[in-house]
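Coordinate-derived values only; no laboratory data. Fair warning: this is a prediction, and the values are worked out from it, not measured in the lab. Counting neighbours? That spans all protein chains shown, and the Cβs are built from the backbone with ideal geometry, glycine included.
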Amino acid sequence: MTKIRTILILLAVFSVGLLTSVTAIADSVYLNDGRVLEGVITREGDTFVYITTKVGDIEKNELVLKTNIKRIVRDSTPAEDLAETAATAADETPDSAASIPDGATRIAFLRLGWGPEDTVGPYINADALERSVEELEGKADVLVLWINTGGGSVAETIKLVDYIEHEIKPKFRLVGWVRRAISGGSFTMHPIEEIYFMPETSYGGSVAFSMTGPRKAKAVEGAGLEQMLDFGEQVSSYGHHDPLIMRAMQIRIPLSVDIDEDGVAHWREDLEGKYIVNTDDKILTLNSQEAMKFGFAKGVASTKEELVKEMGYNEWVEVGQDVDAEQQKFRDDMKKAELEISKAGRNFQNAMANKNLARARKFLGDLRSWSRRAPAWQDFSTGGLPPLNREFFRELDRQVDALQREIQEKERSARNRKKKRR
Amino acid sequence: MKSRIPALFAALSLLMILSLGVSWVAPSSAIAAETAPSDEQGPTKDLIVLRSGTVVEGQILEESGGVVKIEIVVSGIKATTTYRMSEILEIQRDIPVVTDIPGSRNPEADDPDAGWGDRDDAPAADSGDKPKVYRFPLKGHIVGEFRSVLNYLLQSNRRDIISYTPVEKTMRDALSYDPDVIIVEMDADAPSTIGWDGGIVTVPLLPIFQEVIDDPDVRLVFWIKDANFGAAFLPFICPEIYFESDGTLGGIGTLDDFDIGDELVNAKQISLRIVTEEGVAIKNGYDPAIIRGLARKSNWLCYRFRHGKVEFLEHEPREIDGDGWVILTDDGKGEFKDKMKTRGNDVLNINAKMAKDIELSKGTFDKIDDLVFSLGIRGDYDLIEGRAKRNFSEWRDRVEIGIDRYVELNRDIENLGSGNRNQSAISLLGRQRRLLRELRGLLTTYEEVFDPTGQQRAGIDIELEKLREQLLQASAAERKKNQRSVGRSKQRR
């Protein structure tokens, strides 16, 4: 009896221990915004995880995109250790020297834009890039600029190219990884020699133009076009790409290529080459198959792991995820600011039209606040407003002061009239 | 996690195949000769182990751009099939071919239903559970982010709406059953008036399907009855497309009409639009020439078979191009211009046969049982319809009510201008404000259909701000008026 009792007690302890350990063992998902989700990962795809968390007795099944995740600690660590890990997570950085194996190459991935609406200028610009690069200095051996944009400001493109060529390339092995690089996006990537595509990549369509009205565009021509073509040649020389490629992306020229026995591409501005790349009625945009066939892209990769393999690294570690997260946050802040600036601008105009001084001042304050929170909007126009720079606010202050004087004058006149009647 | 089980099973399957000497590839001296690197080594084969557990044998022809092309032999016929890297667990190359045990069965050779390019999915871990197939009806008119969508709905009278909410709800319903396969039955179109850019209406739906396509635990396939205008782009995100025998995909070809006022900018915009869609096609293993053929009426697309592969030609076949070309679409110029607009090939519309020939479709089936069988589910299975139909019909009913209310509110706002002259300004302004707030709420509730860009709501916000000012002024005027009349009545006393 005693033996059975002992066994039962041991079983009970073991079971409790099991239960304890089961409930104590958890997966932890560390988010970019600082939150930590503890629970059990029930499903995982390439781009997401489902985690079941529990608050009291209530279970909640939550989908989390991997782009929002800093790191995942899986169920091998008991909860007590996770608590300790969580407490030190703020101090621990993925690229701390202690966590990087010897001989592993440190590779940072920096997303430049994450959708076609992330335009060069407000969302992809040299200032934001510079801030990120400064943080990565000394922490990364390889910098991968991962771009996804439909293009944007020519002026900003020039700054980006300059920064990439003269500040980034001397400091890192620089790799371009393209999801979408249209127009200004292709210019931004073109100074990079080592370019990889994703299977779905589109690259090119680099005609500079301006909108002259609703659904009315005008391509740059004359001296402006000559400058753009010269810029295209300069960027091509930076990236050691044949200048005819970028030229065919800017104006309609025939383009063909021969590949010699050493695999070197020889481009020509006619259709006599073995492979016809572009005809003179079209503007060139490359897909991934063409980019590989004609030797423009060094490889095609869908994932970071594939890319690194194409780059020739076996031992590597990703660093700088926090820097990339900052870039994403910057873009999110810019988007939010864009909406709010547009609203505040309209409301300010309404308030001025209705001679409501208090409201006008309030919305002017909102505009100032947003321009501080999203300073890139000091350089680019949005929501029908010019850039929110000093000149802009000086003009608005002048208008508000004029309104105040007008109101004070009216009140003075009204008081004087009252006095006279008495 | 479920994904670990197929991996174990795949490994076991691999062992079994090797040890029993069962070969999925019909013994072929031609293959042996092609693959044997040297006489000492003997014939070899390559193996692709898929995440689903299936093991495919053959000869890997190409591995690049995130896809692997492998040549298999089915019933003595060589065929090429493509797998995305994300579907693949493991690749093994140059595995020595084990001599067949006399009398051993070659399932592929004997199976009359094993088709060119078929993927014979081995059942998942033998738990005794029946495979689950979710039937996802995508039938109707896809609307989404384009300008004046509400005006379009009012004018078009199309109420069989497909938009984000019912699609997302149905996908969640599907996943709640933990299905093995989701079959998206597509019988859908999009507004014809916006041509190629009509693809934009599918943009909100793409992440819903893409997430599941990327999930190694679920197989999602498109089964096309109709995919027209902008809706034609949607199936290209899926590496598995099947057709019904009278299925069609296309009706897009209008990029030739694109005009933004400048020829060079037109050329740029046309180019980037086409290549963007080419990228989607390439990612999922389809030839980008198909996209080019769909994109412009002026584009040629011809195809033929050579050495078991499909080849494309994108101009009028010439003598030096050889023979055997089948014209799918021509440039519609001169002698090639269609005599009847409704019949002809100036605009590419892909039918089931074409789709199979050009490797867009993996097979043609009119019954779901046949399709499921071709997916490798050979025995009983659970066909789940879930809440799919109800999700769509409930959403459409709600949108219908929303449209009626939208029309009513706009009429009421217009009618504020007429009516009782004695009504006070404050009362009128107040009523207008209430109506506008309700209108704004309606636009928010049905945002994805009524106001996806938010422009209408932005306009209402401005109106509300103006009304606010007007109400303040009206209130101030009313107070003054009351003060004067109180003053006058005091004087009279």
Average beta carbon contacts from partner chains per residue of B:284-292, 10 Å cutoff: 1
Provide the net charge surrounding A:ASP162, with neighbours chosen by a C-beta distance below 14 Å and charges set as Lys +1, Arg +1, Asp -1, Glu -1. -3
Segment B:HIS315-B:ILE327, extension gain: residue separation times 0.36 nm, minus the distance between their alpha carbons: 3.4 nm
So if I average 1/r over every pair of distinct C-alpha atoms in region A:162-314 and take the inverse, what Kirkwood radius in Å does that give? 16.3 Å
Just order A:198-208, B:364-374, A:142-152 by mean Cβ neighbour count inside 10 Å, highest at the front, would you? A:198-208, A:142-152, B:364-374
Peptide B:257-264, shielding by other chains (average Cβ, 10 Å cutoff): 5
Hey, can you rank A:404-410, B:238-244 by average C-beta count inside 10 Å, highest first? B:238-244, A:404-410
Mean other chain Cβ within 10 Å across A:281-294 is 5
Report Rg/Rh for region A:329-422, rounded to two decimals, where Rg is the Cα radius of gyration and Rh the Kirkwood radius. 1.17
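For Cα pairs less than 8 Å apart in space and 6+ apart in sequence, what is the mean separation divided by the residue count of region B:162-232, i.e. the relative contact order in percent? Write out the running numbers ahead of the final one.
Working: 90 pairs, mean separation 34.0, N = 71.
About 48 percent, as a whole number.
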Semi-axes of the equivalent ellipsoid for region B:188-312, Cα gyration tensor, largest first, Å: 24, 19, 14
